[in-house]
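Take a look at the structure below.
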Amino acid sequence: GKKLGYTFNHRNLHNVSLGQGQEVVAEQALDVAAKEGHWVILQNIHLVAKWLSSLEKRLEQLSQGSHQDFRVFLSAEPAPCHESHIIPQGILQNSIKITSEAPTGIHANLHKALDNFSQDTLEMCSQEKEFRSILFALCYFHAVVAERRKFGPQGWNRPYPFSTGDLTISVNVLYNYLQASSKVPYDDLRYLVGEIMYGGHITDDWDRRLCRTYLEEFIKPEMLEGELCLAPGFPLPGSMDYNGYHQYIDDALPPESPYLYGLHPNAEIGFLTQRSERLLRTVLELQPRDSSTGQGAGGTQEEMVQTLLEEILEKLPDEFNMAELLARLEERTPYAVVALQECERMNALTAEMRRSLGELELGLKGELTMTSEMETLQNSLFFGTVPESWVRRSYPSTASLGSWFADLLARSSELEAWTRDFSLPSTLWLGGFFNPQALLTAIMQSTARRNRWPLDRMALQCDVTKKSREDFASAPREGAYVHGLFMEGARWDAQAGTITEARLKELTAAMPVVFIRAILDDKQDTRGLYPCPLYRTRQRGPTYVWTFNLKSKENPSKWVLAGVALLLQV
């Protein structure tokens, strides 16, 4: 066994970890085991994608004439998406398949986190009380950050592969620090765990803030005084033995709910709704597409697409005449430049829509040969999704085709009204811009020119008014009024002028008109303010636009854990 390079023991077991050229070793192990009736374990077969077809053929050959006790066990990591499935179908069909599902819910995750340790672990540190308290808090922290991903972008902007290794290494660091110091170095522990052990996975600044905030809430001096609650109704337990902690979880942990993560119950409604929409969309895509089987009240697929195509072409707005707009423009102010850029982007999108729809119309009539691009467009129209060629020239959106096109017409109308005389509208629809950052930057540029301030030392101040769009007749002398913002995770209390708890089943509350103006950076007072990220869509992540500081009577950490953000589209 040693000569072949694999492990062999008295149980007649050959264990080969694939990768780094171990394919030859695996083939030798299979040959020996097939003759002698041994067992073979091939680990990490996902690392040798090119060799899997050879493995499939080899297993098929060995299935005939091998020893009756010969067995092969294969292990692989789950594929991140459907397109990444690489294990041949023949292997899957001829195998008994066993999957190891990750635990779901805080209860199961917390038990699993604690299972990484033992009574000996709890007794190994000289500062036993401090060590046990912080270890349990770290287990709860691990369970929360691992399970929070199920809430989608409101949980984490991006999914991260947090593992039990992060937890065990963090506990090792805790042990080393407590052994070396009589005082608990809370700041050092939070930094090492939040910025290195777990933070090493995190690539988004807002997710890093969330991770840091969890640790600030869970690991602090109050934890040793019996005054810390890890979640509503779940205080941090005192010093117990190992089995006592498991029993405490069973007895004291409240039922599964978003409150255990610091989230509002609406977060659960949101992610369940999105999951249902994905399921229904998949079912729709599985429906037969052949024109002969697609008969129904709406006619064949081609007839339905033709009707929709004609409707879109009829309503599609004309392109903006850029030469005429430039001739009409008296002064190229920052706001006027933004308007012109938006018109150019709108022209590029509508031109592509008109071109691609025109080609498809000719293809459906038989006057042009149907290409793969035209078929993709036809399927998108049939299923009510925005075609890929339009998305590339468009703006981020999660809407279906019908809602997206209505939104496009509204954007075009807003631009048309603005470019009649290029005077700043009384309120601006911030979500109606291809590039909303350009408008926010224009506010700073305009103020900088008027007051002769350096642009790199300026910031935006956000004041939420108590009025709606209809209450404004003219634009402000400085800055701009913007409308069309929504808040997710909480809502805005117009009377109190602060962020407050969201109403149940109101997932995205509309904001009043917001007054945005530019000030010098050193004049900004951030006390009692929650730095609220603004995103274009509920997908968050790469759709980030700006940060608005909003007034809050509560500790801002409450809104960080609740995933509170402003959105331009819902």
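Quick notes on this structure:
- At least 2 residues being among the β-branched types (Val, Ile, Thr) and touching a residue at least 60 places away in the same chain (Cβ under 8 Å) is the threshold, and among the helices (runs of 4 or more DSSP H) wholly inside the range 126-196 those reaching it are 128-147.
- Lone qualifier among Leu167, Leu215, Leu174 - being under 18 Å from Leu110 (Cβ atoms) and touching a Lys or Arg at 6+ places or on another chain (Cβ under 9 Å): Leu215
- Hits in the range 488-499 - residues which are in contact (Cβ under 8 Å) with a residue 40 or more places away in the chain and either over 18 Å from Lys467 (Cα atoms) or open to solvent by less than 40 Å² (accessible area, probe 1.4 Å) (or both): Glu488, Gly489, Ala490, Trp492, Gly497, Thr498, Ile499
- Members of the range 358-379 found to be closer than 22 Å to Glu285 by Cβ and of a type in the set (A, V, I, L, M), listed by number: Leu360, Leu364, Met370, Met374, Leu377
- Residue within the range 520-529 that is open to solvent by 40 Å² or more (accessible area, probe 1.4 Å) and closer than 30 Å to Trp404 by Cα present: no
- In the range 214-235, residue nearest to Pro556 (Cα to Cα) [restricted to those that are open to solvent by 50 Å² or more (accessible area, probe 1.4 Å) and in a strand (DSSP E or B)]: Cys229
- Within the range 251-268, the residues that satisfy the criterion of being in contact (Cβ under 8 Å) with a residue 40 or more places away in the chain and among the aliphatic types (A, V, I, L, M) are Leu253, Leu260, Leu263, Ala267.
- Residue under evaluation Gln287, criteria (1) in contact (Cβ under 8 Å) with a residue 40 or more places away in the chain; (2) not assigned by the TED database to the domain that holds Phe131, criterion not met: (1)
- Residue pairs meeting the criteria (Cβ under 9 Å; at least 6 apart or on separate chains; first within 19 Å of Glu256 (Cβ to Cβ) and in contact (Cβ under 8 Å) with a residue 60 or more places away in the chain, in the range 269-280; second charged (D, E, K, R) and open to solvent by 80 Å² or more (accessible area, probe 1.4 Å)): Ile269/Lys505
- Here is the figure for the range 55-96: residues that are touching a residue at least 12 places away in the same chain (Cβ under 8 Å), over 33 Å from the mean Cα position of the chain (by Cα) and not in a loop (DSSP other than H, G, I, E, B) total 11.
- Whether a residue is in contact with a helix residue (DSSP H, G or I) (Cβ under 6 Å, 6 or more places away or on another chain), surrounded by 15 or more Cβ atoms within 10 Å (Cβ to Cβ) and at pLDDT below 90 was assessed, and Leu62 passes this test.
- For the range 386-398, the set of residues classified as under 21 Å from the mean Cα position of the chain (by Cα), surrounded by fewer than 17 Cβ atoms within 10 Å (Cβ to Cβ) and not in a helix (DSSP H, G or I) consists of Arg392, Pro396, Thr398, listed by residue number.
- Pairs linking a residue in the range 529-542 that is over 25 Å from Lys553 (Cα atoms) to a residue that is part of a strand (DSSP E or B), with Cβ atoms under 7 Å and 6 or more positions apart or on different chains, are Arg536/Val545; Thr537/Leu567; Arg538/Glu488; Arg538/Leu567; Arg540/Ala565.
Yes/no matrix, rows are residues, columns are (1) within 30 Å of Phe151 (Cα to Cα); (2) in contact with a Phe, Trp or Tyr (Cβ under 7 Å, 6 or more places away or on another chain); (3) not aromatic (Phe, Trp, Tyr):
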position	(1), (2), (3)
Leu439	no, yes, yes
Ile443	no, no, yes
Ala480	no, no, yes
His483	yes, yes, yes
Gly497	yes, no, yes
Ala502	yes, no, yes
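- The condition of being over 28 Å from Thr543 (Cα atoms), touching a helix residue (DSSP H, G or I) at 6+ places or on another chain (Cβ under 6 Å) and not hydroxyl-bearing (Ser, Thr, Tyr) holds for only one of Leu368, Leu325, Leu381, Leu362, that being Leu368.
- Residue under evaluation Gly238, criteria (1) part of a helix (DSSP H, G or I); (2) touching a residue at least 24 places away in the same chain (Cβ under 8 Å), criterion not met: (1)
- Those helices (runs of 4 or more DSSP H) lying entirely in the range 260-349 with at least 2 residues at pLDDT below 85 and either under 26 Å from Leu507 (Cα atoms) or among the basic types (Lys, Arg) (or both): 266-285
- All of Asp207, Asp250, Asp241, Asp188 fail the test of being open to solvent by less than 10 Å² (accessible area, probe 1.4 Å), of a type in the set (D, E, K, R) and modelled with pLDDT of 90 or more, apart from Asp207.
The values are calculated or read from the model by the stated rules, or taken from the named source; none is laboratory data. Because the structure is predicted, anything quoted here is derived from the model rather than measured. Neighbour counts run over all protein chains shown; Cβ positions are idealised from the backbone, glycine included. All accessible areas refer to the heavy atoms of the entire protein, side chains included, with ligands and DNA or RNA removed. Shrake-Rupley method; radii C 1.70, N 1.55, O 1.52, S 1.80 Å.
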